[in-house]
1. Here are some conditions: (1) in contact with a Lys or Arg (Cβ under 9 Å, 6 or more places away or on another chain); (2) surrounded by 13 or more Cβ atoms within 10 Å (Cβ to Cβ). Pro160 meets all but one. Which one does it not meet?
2. List pairs: first residue in region 15-41 and aromatic (Phe, Trp, Tyr), second residue surrounded by fewer than 17 Cβ atoms within 10 Å (Cβ to Cβ) and part of a loop (DSSP other than H, G, I, E, B) anywhere in the structure, Cβ distance under 8 angstrom, at least six positions apart or on different chains.
3. On the given criteria, is Asp146 under 22 Å from Ala345 (Cβ atoms) and surrounded by fewer than 18 Cβ atoms within 10 Å (Cβ to Cβ)?
4. Can you tell me which residue among Pro360, Pro348, Pro378 is modelled with pLDDT of 90 or more, at negative phi and not aliphatic (A, V, I, L, M)?
5. Looking at (1) more than 18 Å from Leu113 (Cα to Cα); (2) under 19 Å from the mean Cα position of the chain (by Cα), which is the one condition that is false for Leu242?
6. Filter region 41-70 down to residues that are assigned to a loop (DSSP other than H, G, I, E, B) and aliphatic (A, V, I, L, M) and give me whichever is modelled with the highest pLDDT.
7. Does Ser273 satisfy being assigned by TED's automatic domain parsing to the domain that holds Gly341 and modelled with pLDDT of 90 or more?
8. Out of Arg29, Arg24, which single residue is touching a Pro at 6+ places or on another chain (Cβ under 9 Å), exposed (fewer than 15 other Cβ atoms within 10 Å of the Cβ) and farther than 22 Å from Val207 by Cα?
Amino acid sequence: MSIRDSDVQRVREATDLVALIGRRVSLKRVGSRHVGLCPFHTEKTPSFSVNGAEGFYHCFGCKASGDAITFLRETEHLDFVEAVEQLAAAANIELTYDAPGAQRANQHRRELLDLLERAARFYHELLMSSPDAGEARAYLRRRGYDRETVVKWRLGYAPPLWDALCQRLGAPPQQLAAAGLAYADPASDFFRDRVMFPISDASGRVVSFAGRVLPRADEPPPKGPKYKNTAGTAVYDKSKVLYGLHLAKQAARKSERIVVCEGHTDVIGCDLSGISEAVATCGTALTKQHAELLSRSAKRIVLAFDADAAGQTAAERVHQWEREFGLDIFVAALPPGSDPGDLAASDPPALRRALDEAQPLHTFRAERILERADLDNPAGRDRAADEAAEVFAVYPPEILLGGDLGPIAERIPMDVEKFRERVDAARQRLDDRASRAAPDPYEEARPPPDPGESYFDDIGEVHPDGGHRSDDEFNEPSPSRRMRANSGASERSVAARERALLEAVASTQGDVAALVVPELFTVPALRDAYMQMVAEPDWRDLLNSDTPDRELLAQAAAGAAELRDGEALDRAVTALRRHVQATIRVIRDGGDIPGITSDADASAAEILRFRHDLLVWLRERDTELRDSEARIAGAQAVVEWLRAS
């Protein structure tokens, strides 16, 4: 979505930069400028200068600079459009959008945000004063939440009535459903008899809710999940929202770290223990978008995940973003069986100590390898040393100290210098692979294998025991279906190629549309209708005829237009990658491959070889789809394969 340049300039001119920054920074007038302590780094002597007349700021310490839009983006963690919209609203400026349907989409989002804010007030008022919320208040008191805590986090209570919120808000059921607050047919509240945790975006706007079932001592635990969460909406994507970030970011700048937990009560518990720089993921694993958000508030990230196996495994997966976003990631060692919320309630000093003594991520990952290894025999120690060396190899040698390698070498056990040599050798292997495999994002991708055709002639027959042998019958030439990843002339621009990919996945050929298009809807009701439609055997005929169903593809396109900053492309690639990974699992488990029928005359060896070749090809595409530079090539190759299947 694009805002007209003239409107952006009007917003800049209408915004009082000194007043805007003055809400966060204590400014003192010095001549024609205002100065204060920089909000972007810790300092004792003011080096932050604001020129209100010219409309820009600059820090002579950390070199941060920009205008009102930049300042709001950096301090509120907003994208460009969101920052302009917020400043425009404050200045009472009506914005004009260039993209088709964008004006309507923006109005739709504003309406949803208004409903969510009103819902938060309704739930909070009930918790604070309604006689029916007495048990909810008692539950929160047992957790150690006083009135100040309830007010700060805007906690609430959803009554057990069928449609209390629907009646209170008085909005159309479809609109309430689009906000994730109700079911449309029949109109009924989504949350009932639950303690409510409003979830806000980085600028403090309520975008969703989590509702915790209310435990009662005289009743058995209710059926269903303990927590019920808002599904994705036009204003909420859990992969891009961190609970508590709007309150934590200022504390994070002062402490120069941010603590990442898994649950809402963990964050509140940390806050009650004096750790106000804590946030939580919203029912999902930490994502790349989360990492980018965190990097704007602090570079030191402490993962305070549950001490169980799932929590520790989740901590291992985030190393890929350390270098990309310049983060220093640490992992807190919590006592077995505890989480930050429990520890905050039972032993706050132990929680603070665990966070302060957190291990660097590379040390944590290496120690996990040693915990799983068989160190009692030479072969096990050798394998463990190689695996641990690969963990350290992704870091430049200048940041690895003897203190990093020494404890791991001692546990193997191995001389620390010999272990350093293994790390250096592993780093060299990584560098060699990177120099050989630097991909062109639009180069021609290797075509997938076709049943009855030979694409991997150098592999030879694959036997059940995993061995290979060369066999002339697999090397006979045959016509091959070439699948090009660039899908067009080599001079086509990046934007045009990305647009071509989106057009391809929205076509009605093969099963690509059924797989990807649902991801492009921003309104859940429309997505559900589309899924029902494609479940019909003759759904393609419906789309090609003059029926209302045909409009759903247009709705998908409009939904894609609402998605900002390439999000439509992100969603399409994510859907394709999920399908690739699911097919990999099917092949690995020996199941039938969807959409693939082998030649009836093919021998068992030929079928086995085809499955092996396809597995290799799919793993290559999975790697590309995870690479920001190569994902277009990988996505186009998968689309062409699906359309040809």
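1. It is condition (2) that Pro160 fails.
2. Phe40/Cys62
3. Details: under 22 Å from Ala345 (Cβ atoms): yes; surrounded by fewer than 18 Cβ atoms within 10 Å (Cβ to Cβ): yes.
Yes: the conditions hold for Asp146.
4. Checking each option against the conditions leaves just Pro348.
5. Of the numbered conditions (1) more than 18 Å from Leu113 (Cα to Cα); (2) under 19 Å from the mean Cα position of the chain (by Cα), the odd one out for Leu242 is (1).
6. If we take residues in region 41-70 being assigned to a loop (DSSP other than H, G, I, E, B) and aliphatic (A, V, I, L, M), then Ala64 is modelled with the highest pLDDT.
7. Yes, satisfied.
8. Arg24
The values are calculated or read from the model by the stated rules, or taken from the named source; none is laboratory data. A quick note: this is a predicted structure, and the numbers were derived from the prediction, not measured. Heads up, the Cβs are rebuilt from the backbone with ideal geometry, glycines too, and the neighbour counts pull from every protein chain shown.
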